[in-house]
Amino acid sequence: MTFSHSVYLFGAAITFSAGCFALSTEKIEHSNVEATMHIKTIVLGSGCFWGAEKRYEALEGVIDAESGYADGHGFKATYNNITDKSRRFDENNYAEVVQVMYNDNVISSKALLQHYFESHDPTKLNRQGNDIGTQYRSIILTTTKEQAQLAEQVKAEYQPLLTKAGYGQIKTDIKPLEGFVSAEEYHQNYLQKNPNGYCPDHATGVVFNKSKKTDIDNNFLLTGKQIVVLDSREYCPYCEKFKKTVANDYKGSIPLTFRHADELNGLTIKSATWATPTILFLENGKEVYAHQGYATSAEFYKALGAFKLGDSDAYEVAFHERTDRPYCKEYKEFKNTPDGVFVDKLSGEPLFDTRDRFNSGTGWLSFKHPVKNSVTEHKDTSWGMTRIELKSKSTGIHLGHLFKGEGPRGTDRYCINATVLEFIPRNKS
């Protein structure tokens, strides 16, 4: 994470470069105002540096965050060296850390340290979640006496809050910074470079804010099938990506709810809850199964299909390109519905309108055309035939086939399997 950027503050040219700054003697003409610098640096270790780096960069007042290694000696600090099994419990091992440059006139040192403690579990020794080893230790490396005093103060203030919440003693070391080694380039902005994954969230949920926490009501999650997505309190690019590509457009009949890891009261969860996003599929408040990390639209709907449809004809049609039996139960239910819309059984997206339905006499639902931009067409050469397969654009599930010119007065016939549809009356759509 290397950058070089010059700005002028109070007449002085300041050049930022590679995690440090230099104040030049160059002055802007007619300016004799002395500048007070508020740029400070601190090095923080709270487990794996990938998610921590991104979270610090998202804070207002943070100028730069850089992943690296510190507080070790006796060997060259590289990722391969510090993660070697032989050094897993080596007290001389380097810690994975993030060097944070910040403007303490925007974000105070105390506020930054409070964020640090809240963002991980400082009561764990050489561990955060499934990451175990001395390189994952909780550590604060200060660059000024003021930072050191504040770190001890914030640590002391946080301990009774943790104790009250049932946690043990804080294991965080606080030391003066003796040296920082920048991590390899592929570690810098790692979450941005690797768009399919999860953000490790090891926060305890214990915060410094004294305002009374509102109890989360999960009673409605205890009945029927539910989807719960574990979100992060800090910035998590994978969470935002899942919302943008999947959740924001989801209209399915199984409710989807976002929760933080400490808001699962009353639910029976088997999976680890430190990775965000994690998608939990619940039935009557109990986890059936889960997907840890970012899920593409295809992955999400494949999992949802198994959860909602189970071992059924609808699942076989949707994901194995099977075909409904002619005049099946669902066809009989749907062939004469009142005015309304047929939607994708998983996403809830509108696919076909009753105003375009007609009776083809084939035993399958038939339509003149779909809702605009709701289906995709694909070449199908199965069963020794060449046909046009139809899939739902939102989920990719198999819907049926398009037969050109086989509709009323030479129009097209969209032959659709009823088992993968749900019906919504017009006044409710």
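Is the stretch 378-385 home to any residue that is under 35 Å from the mean Cα position of the chain (by Cα) and either under 20 Å from VAL317 (Cα atoms) or modelled with pLDDT of 95 or more (or both)? So that I can check it myself, show each step before the final result.
Residues of the stretch 378-385 under 35 Å from the mean Cα position of the chain (by Cα): 378-379.
From the residues that got through so far, the ones that are either under 20 Å from VAL317 (Cα atoms) or modelled with pLDDT of 95 or more (or both) too are 378-379.
Yes.
For the stretch 297-321, which residues satisfy the criterion of being assigned to a loop (DSSP other than H, G, I, E, B) and under 14 Å from LEU421 (Cβ atoms)?
Step one: filter the stretch 297-321 for residues assigned to a loop (DSSP other than H, G, I, E, B), giving 310-312, 321.
Hit for the stretch 297-321 is SER312, nothing else.
Which one of the conditions (1) of a type in the set (D, E, K, R); (2) modelled with pLDDT under 90; (3) out of contact with any Phe, Trp or Tyr (no Cβ under 9 Å at 6 or more places or on another chain) does GLU185 fail to meet, given that it meets all the rest?
Looking at each condition in turn, GLU185 falls short on (2).
Tell me, yes or no, whether the stretch 328-345 has at least one residue that is hydrophobic (A, V, I, L, M, F, W, C), within 24 Å of LYS302 (Cα to Cα) and in contact with a Lys or Arg (Cβ under 6 Å, 6 or more places away or on another chain).
no
Table: residues versus (1) surrounded by 13 or more Cβ atoms within 10 Å (Cβ to Cβ); (2) modelled with pLDDT of 90 or more.
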site	(1), (2)
HIS202	yes, no
PHE220	no, yes
GLU234	yes, no
ASP249	yes, yes
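Checking LEU112 against (1) open to solvent by 20 Å² or more (accessible area, probe 1.4 Å); (2) touching a Phe, Trp or Tyr at 6+ places or on another chain (Cβ under 8 Å), only one condition comes out false. Which one?
(1)
Is it the case that GLU377 is touching a Leu at 6+ places or on another chain (Cβ under 9 Å), outside any loop (DSSP other than H, G, I, E, B), open to solvent by 90 Å² or more (accessible area, probe 1.4 Å) and under 13 Å from TYR414 (Cα atoms)? Reasoning before the result, please.
Numbers: touching a Leu at 6+ places or on another chain (Cβ under 9 Å): yes; outside any loop (DSSP other than H, G, I, E, B): yes; open to solvent by 90 Å² or more (accessible area, probe 1.4 Å): yes; under 13 Å from TYR414 (Cα atoms): yes.
Yes.
Pairs only if they're at least six apart or on different chains, beta carbon under 6 angstrom, first in the stretch 383-412 and more than 19 Å from ARG357 (Cα to Cα), second hydroxyl-bearing (Ser, Thr, Tyr) and part of a strand (DSSP E or B); list them, first residue then second.
Filtered contacts from the stretch 383-412: LYS393/THR376.
Please verify whether VAL371 is β-branched (Val, Ile, Thr), part of a strand (DSSP E or B) and surrounded by 16 or more Cβ atoms within 10 Å (Cβ to Cβ), treating the condition exactly as stated. I'd like the intermediate steps shown before the answer.
Details: β-branched (Val, Ile, Thr): yes; part of a strand (DSSP E or B): no; surrounded by 16 or more Cβ atoms within 10 Å (Cβ to Cβ): yes.
So VAL371 does not fit the description; no.
Of all residues in the stretch 128-149, which are open to solvent by 30 Å² or more (accessible area, probe 1.4 Å), in contact (Cβ under 8 Å) with a residue 24 or more places away in the chain and outside any loop (DSSP other than H, G, I, E, B)?
Let us first name the residues in the stretch 128-149 that are open to solvent by 30 Å² or more (accessible area, probe 1.4 Å), namely 130-132, 143-146, 148-149.
This time we only want the ones that are in contact (Cβ under 8 Å) with a residue 24 or more places away in the chain, so: 130-132, 143-144, 146, 148.
Those that are open to solvent by 30 Å² or more (accessible area, probe 1.4 Å), in contact (Cβ under 8 Å) with a residue 24 or more places away in the chain and outside any loop (DSSP other than H, G, I, E, B): ASP131, ILE132, GLU146, ALA148.
Just give me the residues in the stretch 115-127 being more than 18 Å from GLU57 (Cβ to Cβ), of a type outside the set (Ser, Thr, Tyr) and either open to solvent by less than 40 Å² (accessible area, probe 1.4 Å) or not in a loop (DSSP other than H, G, I, E, B) (or both), in sequence order. Even if it seems obvious, please write down each step before you answer.
So the first thing to find is which residues in the stretch 115-127 are more than 18 Å from GLU57 (Cβ to Cβ), and the list is 117, 121-127.
Subsequent filtering for residues that are of a type outside the set (Ser, Thr, Tyr) retains 117, 121-122, 124-127.
Hits for the stretch 115-127 are PHE117, ASP121, PRO122, ASN126, ARG127.
Say we look at the stretch 288-319 and pick out the residues that are of a type outside the set (Val, Ile, Thr), touching a strand residue (DSSP E or B) at 6+ places or on another chain (Cβ under 8 Å) and open to solvent by 50 Å² or more (accessible area, probe 1.4 Å); which of these is nearest to LEU399 (Cα to Cα)?
Among residues in the stretch 288-319 that are of a type outside the set (Val, Ile, Thr), touching a strand residue (DSSP E or B) at 6+ places or on another chain (Cβ under 8 Å) and open to solvent by 50 Å² or more (accessible area, probe 1.4 Å), the one nearest to LEU399 (Cα to Cα) is GLU299.
Looking at LEU346, LEU282, LEU264, can you tell me which residue is at pLDDT below 95 and either assigned to a loop (DSSP other than H, G, I, E, B) or crowded, with 18+ Cβ neighbours inside 10 Å (or both)? Break it down into steps so the answer makes sense when it comes.
Working: LEU346 fails: at pLDDT below 95; LEU282 fails: at pLDDT below 95.
Being at pLDDT below 95 and either assigned to a loop (DSSP other than H, G, I, E, B) or crowded, with 18+ Cβ neighbours inside 10 Å (or both) holds for just one of LEU346, LEU282, LEU264, which is LEU264.
Name every residue in the stretch 390-421 that is open to solvent by less than 20 Å² (accessible area, probe 1.4 Å) and under 16 Å from GLY305 (Cα atoms), in order of residue number.
SER392, THR395, ILE397, HIS398, LEU399, ASN417, ALA418, THR419, VAL420, LEU421
Checking the structure you have, find out if any residue of the stretch 299-312 is modelled with pLDDT under 95, under 19 Å from TYR198 (Cα atoms) and small (Gly, Ala, Ser).
no
Is it the case that the stretch 351-365 has a residue that's assigned to a strand (DSSP E or B) and exposed (fewer than 13 other Cβ atoms within 10 Å of the Cβ)? Before you say what the answer is, go through the steps one by one.
So the first thing to find is which residues in the stretch 351-365 are assigned to a strand (DSSP E or B), and the list is 351-353, 357-358, 365.
If we keep only those that are exposed (fewer than 13 other Cβ atoms within 10 Å of the Cβ) as well, we get none.
Checking the stretch 351-365: not a single residue is assigned to a strand (DSSP E or B) and exposed (fewer than 13 other Cβ atoms within 10 Å of the Cβ).
Those residues that are of a type in the set (Asp, Glu) and touching an Asp or Glu at 6+ places or on another chain (Cβ under 9 Å), I need them from the stretch 56-83; list them, please. Break it down stepwise before answering.
Residues of the stretch 56-83 that are of a type in the set (Asp, Glu), as a first pass: 57, 60, 64, 66, 71.
Hits for the stretch 56-83 are GLU57, ASP64, GLU66, ASP71.
Are any residues in the stretch 267-279 touching a residue at least 60 places away in the same chain (Cβ under 8 Å), under 17 Å from HIS120 (Cβ atoms) and not in a strand (DSSP E or B), and if so, which ones? I'd like the intermediate steps shown before the answer.
We begin by selecting, within the stretch 267-279, every residue touching a residue at least 60 places away in the same chain (Cβ under 8 Å); these are 272, 274-278.
Filter once more, keeping what is under 17 Å from HIS120 (Cβ atoms): 272, 274-276.
Result: ALA272, TRP274.
Taking the stretch 80-101 as the region of interest, how many residues are of a type outside the set (Val, Ile, Thr), in contact (Cβ under 8 Å) with a residue 60 or more places away in the chain and out of contact with any helix residue (DSSP H, G or I) (no Cβ under 6 Å at 6 or more places or on another chain)?
Count: 2.
Restricting the search to the stretch 356-386, which residues are charged (D, E, K, R) and closer than 24 Å to LYS329 by Cβ?
Start the filter on the stretch 356-386 by keeping residues that are charged (D, E, K, R), which leaves 356-357, 368, 372, 377, 379-380.
ASP356, ARG357 - these are the residues of the stretch 356-386 that are charged (D, E, K, R) and closer than 24 Å to LYS329 by Cβ.
Considering only residues that are surrounded by fewer than 17 Cβ atoms within 10 Å (Cβ to Cβ) and in a helix (DSSP H, G or I), which ones fall in the stretch 162-192?
Correct list: THR163, LYS164, GLU185, TYR186, GLN192.
The values are calculated or read from the model by the stated rules, or taken from the named source; none is laboratory data. Nothing here was measured: the structure is a model prediction, and the numbers come from that model. Heads up, the Cβs are rebuilt from the backbone with ideal geometry, glycines too, and the neighbour counts pull from every protein chain shown. These accessible areas exclude ligands, DNA and RNA; they are computed on the full protein's heavy atoms, side chains included. Shrake-Rupley method; radii C 1.70, N 1.55, O 1.52, S 1.80 Å.
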